[in-house]
1. In the calculated pair distance distribution of the range 69-143, what percentage of Cα-Cα distances lie above 15 Å?
2. Which residue, 77, 109, 27, tops the fluctuation ranking in a GNM of the chain built on C-alpha contacts under 10 Å?
3. Among 138, 64, 116, which one shows the biggest mean-square fluctuation in a GNM of the chain, springs joining Cα atoms closer than 10 Å?
4. Angle between the Cα long axis of helix 16-43 and the longest principal axis of the chain, 0 to 90 degrees, nearest 10?
5. So with the 1.4 Å probe, I'd like the accessible area per residue for the chain, rounded to whole Å².
6. What is the magnitude of the charge dipole of the chain about its Cα centre, with +1 placed on the Cβ of each Lys and Arg, -1 on the Cβ of each Asp and Glu, and no other charges, expressed in debye to the nearest 20?
7. Calculate, axis by axis, the spread of Cα positions in the chain along the three principal axes, and write the results as whole Å, longest axis first.
8. Could you give the angle, 0 to 90 degrees to the nearest 10, between helix 133-147's Cα long axis and the longest principal axis of the Cα atoms of the chain?
Amino acid sequence: ISTCCEIGAVSVTNDPEIRTAMRNYGENVGMSFQIQDDVLDYTSRTNILGKPIGNDIKEGKLTLPLIYACTQAPKSEAKNIVSLVKGKNITQKQVDFVQSFVKNHGGIEYATEQALNKVRSATENLERFPDSNIKQSLVNFAHFVVSREK
């Protein structure tokens, strides 16, 4: 997203500050999108998300909600959770256990806050531009990535 936004700026100006602002906007929107995607893997439902819930856990991915939860839990408990996630053939019961661990140790709230911070950073990069329908669309898009359910 960062590159796409910068290329758009390059196509209309040689101003390096505008290029940087658009690249930073895209980078922050992209990071927000990914963090929200990680949160949805813990909080959504398969019929809404369109992919199996807990898929990141089954694939052994250490996403922001899980990483943060591990920093908040006792070290031995966190170590066991990471071993479980990194293990092979994780069962649905184990996925449910990891999801509960993340929720109980603040991983969802923390990751959601970080996604919102990235949206704020993204939209701050647009403040230099005059108000327009295009600017408003970019602001709306940034907010959409954290409010989406799928």
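1. When every Cα pair of the range 69-143 is considered, 66 percent fall beyond 15 Å.
2. 77
3. 138
4. 30
5. On a per-residue basis, the chain sits at 58 Å².
6. Values: 18 positive and 17 negative charges, 125 e Å.
Here the chain has a charge dipole of around 600 debye.
7. Here the spans come out as 53, 33, 23 Å, largest first.
8. Taking the Cα atoms of the chain, the angle to 133-147 is about 0 degrees.
The values are calculated or read from the model by the stated rules, or taken from the named source; none is laboratory data. Note that the structure is predicted; figures quoted are calculated from it, not measured. Note: ideal-geometry Cβ built from the backbone for every residue, glycine included; neighbour counts use all protein chains shown. Heavy atoms of the whole protein, side chains included, go into the accessibility calculation; ligands, DNA and RNA do not. Shrake-Rupley method; radii C 1.70, N 1.55, O 1.52, S 1.80 Å.
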